[in-house]
1. To the nearest 10 degrees, how steep is helix 124-139 against the longest Cα principal axis of the chain, on a 0 to 90 scale?
2. For a label point 7 angstrom out from the Cα of N15 toward its Cβ, which stretches of the stretch 49-89 have the backbone nitrogen within less than 14 Å?
3. Per 0.36 nm of contour for each residue apart, how much would the distance between K136 and I122 grow if the chain were fully extended, relative to their Cα-Cα spacing?
4. Starting from the stretch 39-141, pick out the trypsin sites (Lys or Arg not before Pro) whose DSSP state is loop and whose Cβ has at most 12 other Cβ atoms within 10 Å.
5. At what distance in angstrom do the alpha carbon centres of the stretch 48-67 and the stretch 76-98 lie from each other?
6. Using the crude model of +1 on Lys and Arg Cβ and -1 on Asp and Glu Cβ, and no other charge, please compute the dipole size for the chain relative to its Cα centre, in debye to 20.
7. Which of these, L130, L35, L101, has the largest mean-square fluctuation under a Gaussian network model of the chain (Cα springs below 10 Å)?
8. Computed from the coordinates I sent, P(r) over Cα pairs in 5 Å bins from 0, in percent equals one of [x] 2, 6, 9, 10, 10, 9, 9, 8, 7, 7, 6, 6, 5, 3, 3, 2, 0, 0; [y] 2, 9, 15, 14, 11, 10, 9, 7, 6, 5, 4, 3, 2, 1, 1, 1, 0, 0; [z] 2, 10, 19, 20, 17, 14, 10, 6, 2, 0. Tell me the label.
Amino acid sequence: MFVKEIMNKKVFTINPQSSLRDAINIMCDNNIGSLVVTKNNKVRGIITERDVMKCVAQGTIEHADEIKISSVMTHYIYFVKPEDKVEKAIEIIRKYKIKKLPVLDNSERLVGIITTTDIVFIQPKIIEKLSELISKDITNL
């Protein structure tokens with residue numbers, strides 16, 4: 001099974017100069033857990049619920065209108081391509097302990113996103129593969 005078969009093609013984005021409040025509002029209004037950060041149609045990073053929670057823990061959330069996305073987003077992101085196998089996405093998600101994985105085409109244009117939730121709902125054989133990967137990790141401890 002390929003990433004393009006299960007990815008969500010509707011991806012919400014935000015500019016790095018937008019405020020944290022803007023990001024929170026977009027995520028809440030659309031019931032999503034992340035926004036891909038883009039500038040001039042290029043992916044620059046991602047902001048997730050985890051990044052917002054870090055601001056809460058640091059006590060900076062009260063300044064959400066002043067905080068720029070660029071200062072709280074994850075700058076380096078992992079990604080997959082639509083023609084990659086879902087197993088590759090699973091391996092990246094597991095290895096780097098992430099939950100959202102942008103999908104970029106060969107021109108590095110954002111074309112989708114794949115999440116752990118997307119993976120959970122696909123064919124049982126993919127879940128079996130995930131289980132095998134986890135079992136390998138446990139036996140290697």
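1. In the chain, helix 124-139 runs at an angle near 90 degrees to the longest axis.
2. 68-70
3. 2.9 nm
4. Of the trypsin sites (Lys or Arg not before Pro), the ones in loops of the stretch 39-141 whose Cβ has at most 12 other Cβ atoms within 10 Å are K97, R109.
5. Centre-to-centre distance over Cα atoms comes out at 26 Å.
6. 300
7. L130
8. [z]
Read the figures in this text as sums done on the coordinates, not as results from a lab. Treat the numbers as computed from the prediction; the structure is a model and nothing was measured. Cβ atoms come from the backbone with ideal geometry, glycine included; neighbour counts cover every protein chain shown.
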